[in-house]
Amino acid sequence: MERCSAGGDGFAVVAADTSATSSILVHKTNEDKIMKLDSHKLLGASGEPGDRVQFTEYIQKNVHLYQFRNGIPLTTAAAANFTRGELATALRKNPYNVNLLMAGYDKGIGPSLYFIDYLATLHKVEKGAFGYGSFFCLSLMDRYYHSGMSLPEAIKLVDECIMEIRSRLIVAPPNFLIKIVDKDGAREYAWRESIKEA
């Protein structure tokens, strides 16, 4: 379960592996783990499959409910704080085993990226990663990330992270999905596949 994200000049990029696994089995290799919360927000999640799907859908529906009730969307910061609050509440009852990277674009503010872990820790960051692959991704991002990156530079860095995971991690997932969010909205950017789904 590998997730990495970086913000650039007017955009944020989120990448995730697409493997659905259980123990030593791979069930599918095209699972989308980056949820589109609304037109300008993405939520990359890792963790237990049931918790990941249930919690991200819960957050997505509540973000939509807020917009429906109030006529305006939540800002990325507000959505991140709401998400952190829901994780903190659940932590004392029935905790979710999910780690999240929330990326969004707000008019007048620009792109932002938030790191939220399973203990409900929230940080606004410029780059972040979860999973075993994060050991490689974070070191690459520490070395090559700089503020004001162009989209091609950010995609090149994400591709370097994917190649490093594939070459160094013994249980490396074969396929990755890259999504971006900018002033034009959240959308799928590219797939990096080494195995096609049968």
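Among 149-161, 172-184, the peptide with the highest mean count of other Cβ atoms within 10 Å heads the list, and the full ranking is 172-184, 149-161. Under the simplified labelling scheme, the Ser194-Lys156 pair shows an inter-label distance of 2.2 nm, with each label point 7 Å from Cα along Cα→Cβ.
Set the Förster radius R0 to 22 Å, insert the Cβ-Cβ distance between Asn81 and Asp9 as r into 1/(1 + (r/R0)^6), and round the FRET efficiency to 0.05.
Plugging the Cβ-Cβ distance into 1/(1 + (r/R0)^6) gives 0.30.
Near Lys156, which lysines are there with a Cα under 29 Å away, not counting those fewer than 8 places off in the same chain? List returned: Lys28, Lys33, Lys36, Lys41, Lys107, Lys124, Lys127, Lys179, Lys183, Lys196.
Over the residues of the chain, the helix contribution to mean residue ellipticity at 222 nm works out to -11500 deg cm²/dmol, using -39500 (n - 2.57) for each DSSP H run of at least 4.
Ranking Ala16, Gly50, Leu65 by how far each Cα lies toward the positive end of the dipole of the stretch 2-139 (charges on Cβ) leaves Leu65 at the top.
Dipole orientation for the chain: of the candidates Ala103, Ile180, Ile155, Ala103 has the Cα lying most toward the positive pole (charges on Cβ; Lys, Arg +1; Asp, Glu -1). For the set Asp32, Asp17, the ranking by accessible area, highest first and with no ligand, DNA or RNA atoms included, is Asp32, Asp17 under a 1.4 Å probe. Taking amide H as placed 1.01 Å from N in the peptide plane, Glu48 has its amide H under 5 Å from the amide H of Asn97, each at least 5 places away in sequence or on another chain. Going by a ≥ b ≥ c, the root eigenvalues of the Cα gyration tensor, does the stretch 153-197 fall in the rounded group (a/c under 1.5), the prolate group (a/b larger than b/c) or the oblate group? Because a/c hits 1.5 or more and a/b fails to exceed b/c, the stretch 153-197 counts as oblate.
Shown in residue order for the stretch 123-128 are the 3J(HN,Hα) couplings computed by the Karplus curve 6.51 cos²θ - 1.76 cosθ + 1.60 at θ = phi - 60°: 9, 7, 10, 9, 8, x Hz (x for Gly and Pro).
First check a/c for the stretch 1-102, with a ≥ b ≥ c the square roots of the eigenvalues of its C-alpha gyration tensor; if it is under 1.5, answer rounded, and if not, answer prolate when a/b is larger than b/c or oblate otherwise.
It comes out oblate by the Cα gyration axes.
Distant-in-sequence amide contacts of Thr21, defined by a placed amide H-H separation under 5 Å and a gap of 5 or more residues or a different chain, comprise His27. Packing around the peptides 103-110, 85-92, taken as the average count of other Cβ atoms within 10 Å per residue, puts them in this order, highest first: 103-110, 85-92.
The values are calculated or read from the model by the stated rules, or taken from the named source; none is laboratory data. All figures in this text were calculated on a predicted structure; none of them were measured in a lab. Every residue, glycine as well, gets a Cβ built from its backbone with ideal geometry; the counts of neighbours run over all protein chains shown. Ligands, DNA and RNA are stripped out before the accessible areas are found, and what is left, the full protein with its side chains, is counted by its heavy atoms. Shrake-Rupley method; radii C 1.70, N 1.55, O 1.52, S 1.80 Å.
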